[in-house]
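Peer 1: Handing you this structure, nothing more for now.
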Amino acid sequence: MYKATQLGRDNFQLYQDYMGEVANQDFFMLYQPKMSREANTIAAAEALIRWRKSANKVIYLGDLILIIEDSDLIIGVGEYVICQAIINLAKSLSLKTGAEGVATIEQIDTLSDLGCDLF
């Protein structure tokens, strides 16, 4: 958190310690808008993860949860979703993203692949 203060306004700092196997999968995010009936505007968005298993096969959330609950990927996938959603939100607001506490080259590569700007 100190790094965010030092870097000033208009940035997010991410801390993470995860994701070996998850980085090697073809996950992608979709965002489903949540509408406000009163204002008739988008009030929020729900992040939805998908897994592109092959060129013409996508695994949707219900089946994906069954697969990852039976593996060691459940924590890494959850962290992936959180990090990717934060990075995408920051990008949509023209903010820079950064990671603090990254210890390995693999973690740096993973966050860089997700779109993180600063380390």
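Peer 1: Among the listed residues Lys91, Lys34, Lys57, identify the single one that is among the charged types (D, E, K, R) and surrounded by 12 or more Cβ atoms within 10 Å (Cβ to Cβ).
Peer 2: Just one listed residue meets the conditions, Lys91.
Conditions tested, residue by residue: (1) in contact with a Ser or Thr (Cβ under 8 Å, 6 or more places away or on another chain); (2) basic (Lys, Arg); (3) within 18 Å of Gln32 (Cβ to Cβ).
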{"position": "Arg50", "(1), (2), (3)": "no, yes, yes"}
{"position": "Val58", "(1), (2), (3)": "no, no, yes"}
{"position": "Gly62", "(1), (2), (3)": "no, no, yes"}
{"position": "Gly76", "(1), (2), (3)": "no, no, no"}
{"position": "Ile82", "(1), (2), (3)": "no, no, yes"}
{"position": "Leu89", "(1), (2), (3)": "no, no, yes"}
{"position": "Lys96", "(1), (2), (3)": "no, yes, no"}
{"position": "Glu100", "(1), (2), (3)": "no, no, no"}
{"position": "Leu118", "(1), (2), (3)": "yes, no, no"}
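Peer 1: Considering only residues that are loosely packed, with under 13 Cβ neighbours inside 10 Å and modelled with pLDDT of 85 or more, which ones fall in segment 40-54?
Peer 2: Asn40, Thr41, Ile42, Ala43, Ala44, Glu46
Peer 1: Read through the list (1) within 14 Å of the chain's Cα centre (by Cα); (2) among the hydrophobic types (A, V, I, L, M, F, W, C); (3) outside any helix (DSSP H, G or I), then give the number of the only condition that Ala103 fails.
Peer 2: With respect to (1) within 14 Å of the chain's Cα centre (by Cα); (2) among the hydrophobic types (A, V, I, L, M, F, W, C); (3) outside any helix (DSSP H, G or I), Ala103 is out only on (1).
Peer 1: Here's something else I'd like to know. Of Ile65, Ile86, which residue is in a helix (DSSP H, G or I), β-branched (Val, Ile, Thr), farther than 25 Å from Asp117 by Cα and at pLDDT 80 or above?
Peer 2: Unique residue meeting the criteria: Ile65.
The values are calculated or read from the model by the stated rules, or taken from the named source; none is laboratory data. Note that the coordinates shown come from a computational prediction; the quantities given were computed from them, not determined experimentally. Because the Cβ atoms are built from the backbone with ideal geometry, glycine has one as well, and the counts that use them run over all protein chains shown.
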